[in-house]
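A short write-up of the structure that comes next.
Please treat every number below as a calculation from the coordinates, not as lab data. Here the structure is a predicted model, which is why all the values come from computation and not from measurement. Here the Cβ is made from the backbone with ideal geometry for all residues, glycine too, and neighbour counts use every protein chain on show.
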Amino acid sequence: MAISHTNEGGGNLTKEAPGLNRILVGLGWNRRSTTGTDFDLDVAAFLLKSDGKVRSNEDVCFFNNAIVLNGAVQHEGDNLTDDGSGDDEILNVDLSLIPSEIEKISFTVTIYEAVNRNQNFGQVNDAYIRVVNGETIKEVARFDLTEDYSTETSIIIGNVYRTVSGWEFKPVGDGFNGGFTELIQSFGVNL
């Protein structure tokens, strides 16, 4: 998947915004006019240990588990269509509340019931994910998704990870075509 962004290769969030504690991760998209079918894209965050796995299923923030770690990560609600302008779904993250054993937060986007609806990211227009400084509301990074993934139904968009100098953001762009189930199993979530 081609990803464009404002910070080449990601960036050190803490260096760009000293004292940064809160970030907002927003997802937006437009339905493709050629099919006329609604697409329900869902953003999620997986809080991962050093082995790339969750500690438990409670370390996954998505529309059905909207508040994680007593509010450290919060999903602002499931937008079932692309109606409106701006971000269609938002995750708020308070980095100061993330426990030290969590080394990385992976942000993902999935097409809800994509396999049953025969949908994929090749059928979605103008999809993006962006990272915003939660205190100043200044956009730090933006990733525009192209239609290059014609079979993928879930994508790991990027990671916020802990370093000795603070928190950094790095784009990923790994796709899965088995939907949300294949994605969550890669992070060690038990079904």
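By how many nm would the segment from Asn116 to Asn64 grow when fully extended, if each residue of separation counts as 0.36 nm and the alpha-carbon distance is taken off?
Full extension of this stretch gives 16.8 nm more.
How far apart, in nanometres, would the label points at Ser50 and Ser100 be if each is projected 7 angstrom from Cα along the Cα-to-Cβ direction?
Modelled inter-label distance: 1.2 nm.
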